[in-house]
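**Q** This structure is in structure tokens; I'll ask about it shortly.
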Amino acid sequence: MKRTEFLKNISAVTFAVALPAYALSNKFNSAKAKIIKPHRLKRGDVIGIVTPGSYITKEELNDSIKNIEELGFKPFYTDKVLEMNGYFSSKDKDRADDLMKMFLRKDVKAIMCARGGYGCSRILPLLDYEVIKNNPKVLIGYSDVTALLLAITQKTGLVTFHGPVGISSFNEMTQKYFKDVLVEAKSKIKMLSVAEEN
């Protein structure tokens, strides 16, 4: 099998696994929503930390806080962030509720998932997409969070961001592109590695 064929096949499988069966049904697929762009971030804005999938440790929470502060933002989280329920951070409803609270809080300007792991697809039917649509803000993450990003964009039109999670390694390149996209809102960005920039 050629490399391009392999990549196409693995991408299709990954997408199918990421979303539960109901998400691929006609019931879930709403009419094309109008694109909603969240406001760009400003230095000092509050970024909410959530765990919509797997749990994190206290050390990983501290890493997430440090990463957000080094970017020039203020971290905020609820007592749900360190809960554990088997492999998940907490029960499905609690994870969905915590995410919804972040969308409803006026002081929280962006939401960063602390990690991916597994569990985001389980909370999709528990979210209030109308509330999300009426309270648009930056939502960022990757891995299992992709299911959450895709569902919210499809149901509401809100532009979401496939990017670092709280426990990611925020090296020089990560920080640069985070700010280019979410703070500077540059319309065109040439992606270069740190090595290429030097």
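The values are calculated or read from the model by the stated rules, or taken from the named source; none is laboratory data. Source: prediction; values computed, not measured. Positions of Cβ are backbone-derived with ideal geometry, glycine not excepted, and every protein chain shown enters the neighbour counts. The accessibility values were calculated without ligands, DNA or RNA, using every heavy atom of the protein model including side chains. Shrake-Rupley method; radii C 1.70, N 1.55, O 1.52, S 1.80 Å.
**Q** Looking only at the range 75-102, which residues are of a type in the set (Ser, Thr, Tyr), in contact with a Phe, Trp or Tyr (Cβ under 9 Å, 6 or more places away or on another chain) and modelled with pLDDT of 95 or more?
**A** 89, 90
**Q** Would you confirm whether or not the range 20-34 contains a residue that is buried (at least 21 other Cβ atoms within 10 Å of the Cβ) and either out of contact with any strand residue (DSSP E or B) (no Cβ under 7 Å at 6 or more places or on another chain) or at pLDDT 95 or above (or both)?
**A** Scanning the range 20-34, I find no residue that is buried (at least 21 other Cβ atoms within 10 Å of the Cβ) and either out of contact with any strand residue (DSSP E or B) (no Cβ under 7 Å at 6 or more places or on another chain) or at pLDDT 95 or above (or both), so the answer is no.
**Q** Quick check on residue 69: is it assigned to a helix (DSSP H, G or I), at pLDDT 95 or above and surrounded by fewer than 18 Cβ atoms within 10 Å (Cβ to Cβ)?
**A** So residue 69 passes the test.
**Q** Could you run through the range 127-147 and say how many residues are open to solvent by 20 Å² or more (accessible area, probe 1.4 Å) and either farther than 21 Å from residue 39 by Cβ or touching a His at 6+ places or on another chain (Cβ under 9 Å) (or both)?
**A** 5
**Q** Report whether or not residue 131 is touching a residue at least 24 places away in the same chain (Cβ under 8 Å), aliphatic (A, V, I, L, M) and assigned to a loop (DSSP other than H, G, I, E, B).
**A** Spelling it out, it is not the case that residue 131 is touching a residue at least 24 places away in the same chain (Cβ under 8 Å), aliphatic (A, V, I, L, M) and assigned to a loop (DSSP other than H, G, I, E, B).
**Q** Go through the range 81-122 and report how many residues are touching a helix residue (DSSP H, G or I) at 6+ places or on another chain (Cβ under 9 Å), more than 26 Å from residue 182 (Cα to Cα), touching a residue at least 24 places away in the same chain (Cβ under 8 Å) and not small (Gly, Ala, Ser).
**A** 7
**Q** Kindly indicate which of 124, 99, 150 is farther than 15 Å from residue 51 by Cβ, outside any strand (DSSP E or B) and open to solvent by less than 30 Å² (accessible area, probe 1.4 Å).
**A** 124
**Q** Which residue is surrounded by the fewest Cβ atoms within 10 Å (Cβ to Cβ), if the candidates are limited to the range 35-63 and must be of a type in the set (Gly, Ala, Ser) and in contact with a Ser or Thr (Cβ under 9 Å, 6 or more places away or on another chain)? Explain how you work it out, then say what you get.
**A** Here is the first cut: in the range 35-63, the residues of a type in the set (Gly, Ala, Ser) are 44, 48, 53-54.
Narrowing the set further to residues that are in contact with a Ser or Thr (Cβ under 9 Å, 6 or more places away or on another chain) leaves 48, 53-54.
Numbers: 48: 26, 53: 28, 54: 19.
For the range 35-63, the residue satisfying everything is 54.
**Q** How many residues does the range 153-182 contain that are touching a residue at least 24 places away in the same chain (Cβ under 8 Å), hydrophobic (A, V, I, L, M, F, W, C) and surrounded by 17 or more Cβ atoms within 10 Å (Cβ to Cβ)?
**A** 6
**Q** Hey, does the range 103-117 have a residue that's basic (Lys, Arg), more than 13 Å from the chain's Cα centre (by Cα), part of a helix (DSSP H, G or I) and modelled with pLDDT of 95 or more?
**A** For the range 103-117, residues basic (Lys, Arg), more than 13 Å from the chain's Cα centre (by Cα), part of a helix (DSSP H, G or I) and modelled with pLDDT of 95 or more: absent.
**Q** Report yes if some residue within the range 77-91 is surrounded by 14 or more Cβ atoms within 10 Å (Cβ to Cβ), within 17 Å of residue 140 (Cα to Cα) and among the polar types (S, T, N, Q); otherwise report no.
**A** No, because not a single residue in the range 77-91 is surrounded by 14 or more Cβ atoms within 10 Å (Cβ to Cβ), within 17 Å of residue 140 (Cα to Cα) and among the polar types (S, T, N, Q).
**Q** Being of a type outside the set (S, T, N, Q), in a helix (DSSP H, G or I) and under 18 Å from the mean Cα position of the chain (by Cα) is the filter here, so list the residues in the range 41-65 that pass it.
**A** Scanning the range 41-65 gives 60, 61, 63, 65.
**Q** Just the residues that are part of a strand (DSSP E or B) and more than 24 Å from residue 69 (Cα to Cα), please, taken from the range 153-177.
**A** 158 - this is the single residue of the range 153-177 that is part of a strand (DSSP E or B) and more than 24 Å from residue 69 (Cα to Cα).
**Q** Test residue 159 against the stated conditions and say whether it is within 22 Å of residue 54 (Cβ to Cβ) and aliphatic (A, V, I, L, M).
**A** Details: within 22 Å of residue 54 (Cβ to Cβ): no; aliphatic (A, V, I, L, M): yes.
No, not satisfied.
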